[in-house]
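Heads up, the thing below is written out as structure tokens.
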Amino acid sequence: MGSQQIEEIDVLLVGAGFASFTLLNRLRKLGFSVRIFEKGSSSGGIWYWNCYPGARVDTDSPIYQLFDKELWEDFTFKERYPGWQELRRYFDHVEKKWHIRDYTSFNKHVDSAVFDEQRQQWLVECADGTEIYANWFLPCIGFASRRYTPPFPGLGNFKGDIYHTAVWPQHGVNLKGKRVAEVGTGASGIQVIQEIGDKVKELTVYLRTPNMCLPMNQRLLDPKEEEEKKKNGTYEREIEKTRHTFAGFTYDFVQRNTFDDTPEEREKLYHKLMVEEGGFMFWLATYKDMLFDLKANEEAYKFWRKQVLKRLKDPKKQELLAPETPPHPWGTKRPSLEQRFYEVVDQPHVKIIDVNKSPIEEVTATGLRTKDGHVEVDVIILATGFDSVTGSLAQLNIQGTDGGTIADHWKDGTRTAMGIAMPNFPNMFFLYGPQAPTAFSSGPSCTQFQAEWVEKTFKMIKEKGITRLEATQESEDDWCKRLRAEWDASLFPLAKSWYQGANIPGRKVEPLNWSGGMVKYVETLNRSLENDMQGWTYATADA
Ligand code: N01
């Protein structure tokens, strides 16, 4: 096909989740022609793929949604923490309200994108042969679109069924009465275990690092109460709070250090946060030194452990799931929110194998072998996570002006300008990706604050007639320096976490997320547009 026949568009968005939805709505209102390409057959982003048993979000209502009143005024979530089915219902609602389907092509797997200097456009190609020219290219593919499967020897020989939580069959799986092996205890693993634990015949959990789970304190929302909150301004106030907190939640660290309080005061605060309130408050509404000072962190761990031990009777499981010496400082790996996790795993038909002492040596036709023996199973569930944060973008063949791909750009380490752009990749912005607050934020907050900035930028693009916009090298260098300084001041480097790529053997260990908080992040983005767009180079049509 000759290039003259290829469709042209102002803005191409990749992925049909929160980020693309809000951008589509904003940019088309500014008069740009916009299209979404989505590789799945339906929208929802991560909530299309995340349909494993028990999958639900760890951010509570009402902030896990797009903040537009026209969306929330006639949609009410049923639970404080909605499950994946409910989130799909929400995405259907947004689709209808904003006519998203008219602008979206499903089953369009973007394979490559090359910047054409002559045309000042991206040529984007899909696996099915579709080609499109876009003036602006915005991948919105999240931080978890490249799953990770450990190379267990013999995995291909297993005669039963193997499922990865990231690509769970859309039609579901009947696990009733089955013997199941489950690997991984991140957010996905914890949810699967607590959901299937009572239904299966035997469950063997292969544990590498215990998750320092927090009680979710799930509850049904009262529709009348929610309607009242919408009328009396509570929704608006809660949403507004997200702009002023570290992680884009409605709550933030208390402005005291751990040892400013007496032991009794500390106990009271910890109890309130972990037991009474639940959710992430014990992580993100606690003393401001918890994630920066080891002694302060140990106090949090001691309290957390005491609570968990009360819920486990089996002394071996106590030591595995809440050891006296923590494997890493509390909260430096992502804590999961649990509902009955500890009660479920405490049952005798649930076994836990510590793979640090007994690594998985081989998967056989009928089960898994460690040095302690062979466990026969019908099903293996891999909740082993992702090539997180950078993997999503680096797996695509996106070529910049120097001919290199994003993976080439990052060969000596991840580098971005403010977690939203990169030099050599003009006219491209990515949302909810590397070096942004991504993993340290509530997804909708982060994406919407970034989208607000993109909207502002596109207003400027329109006003000034900008045809090419590129982050400067200085802007990237400066951001990498600041990011590293924030990271090194915290306790995060002390955990082998996916926050820094340490979950994938052989991968460079480096900070992948901005840990300096949402407020500083948004300020930096906004400042970069001031003084004739410092931090950017641009060209206009008449230049
Ligand atoms: O992935 P993970 P996830 N042998 O990387 C283990 C978001 N999310 O899908 O901790 C044995 O966290 C690995 O062990 P270790 C959320 O941000 C949100 O659970 O590296 N085990 C770990 O236990 C979340 O944090 C929601 O030592 C191996 C597990 O596999 C992020 O996505 C729901 C292993 C992987 O956990 C990722 O979550 C789901 C090996 N060789 C996801 N390799 C909600 O909002 C890895 N592991 C609820």
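Things to note:
- Of all residues in the stretch 417-435, none are within 16 Å of GLU476 (Cβ to Cβ), open to solvent by 10 Å² or more (accessible area, probe 1.4 Å) and among the β-branched types (Val, Ile, Thr).
- Unique residue being buried (at least 19 other Cβ atoms within 10 Å of the Cβ), within 27 Å of the chain's Cα centre (by Cα) and part of a strand (DSSP E or B) when the list is PHE137, PHE143: PHE137
- Residue in the stretch 376-390 that is of a type outside the set (Val, Ile, Thr), assigned by TED's automatic domain parsing to the domain that holds SER188 and more than 11 Å from the ligand (Cβ to nearest atom) present: yes
- Matching residues, the stretch 501-526, being under 23 Å from SER442 (Cβ atoms) and out of contact with any helix residue (DSSP H, G or I) (no Cβ under 7 Å at 6 or more places or on another chain): GLY501, ASN503, GLY517, LYS520, TYR521, GLU523, THR524
- When residues of the stretch 493-517 are limited to those that are open to solvent by 60 Å² or more (accessible area, probe 1.4 Å) and within 12 Å of the ligand (Cβ to nearest atom), the one nearest to THR414 (Cα to Cα): TRP498
- Among (1) without any contact (Cβ under 8 Å) to a residue 60 or more places away in the chain; (2) out of contact with any Pro (no Cβ under 9 Å at 6 or more places or on another chain); (3) more than 22 Å from SER336 (Cα to Cα), the one test that GLN473 misses: (2)
- Matching residues in the stretch 356-368 - criterion: being more than 14 Å from the ligand (Cβ to nearest atom) and touching an Asp or Glu at 6+ places or on another chain (Cβ under 7 Å): THR366, GLY367
- Qualifying positions in the stretch 317-355 - without any contact (Cβ under 8 Å) to a residue 60 or more places away in the chain and either buried (at least 17 other Cβ atoms within 10 Å of the Cβ) or within 12 Å of the ligand (Cβ to nearest atom) (or both): LYS317, GLN318, ASP346
- The requirement of being part of a loop (DSSP other than H, G, I, E, B) and within 20 Å of THR537 (Cα to Cα) is not satisfied by PRO434.
- Set side by side, the residues GLU38, GLU73 differ, and just one is more than 23 Å from VAL173 (Cβ to Cβ), in contact with a Phe, Trp or Tyr (Cβ under 9 Å, 6 or more places away or on another chain) and open to solvent by 30 Å² or more (accessible area, probe 1.4 Å), which is GLU73.
- Exactly one residue among SER445, SER490 is at pLDDT 95 or above, within 16 Å of the ligand (Cβ to nearest atom), within 21 Å of LEU284 (Cα to Cα) and assigned by TED's automatic domain parsing to the domain that holds ARG56, and that residue is SER445.
The values are calculated or read from the model by the stated rules, or taken from the named source; none is laboratory data. Keep in mind that this is a model prediction, so the values were computed, not measured. Backbone-built Cβ (ideal geometry, glycine too); neighbour counts: all protein chains shown. SASA here: full protein model, heavy atoms, side chains in, ligands and nucleic acids out. Shrake-Rupley method; radii C 1.70, N 1.55, O 1.52, S 1.80 Å.
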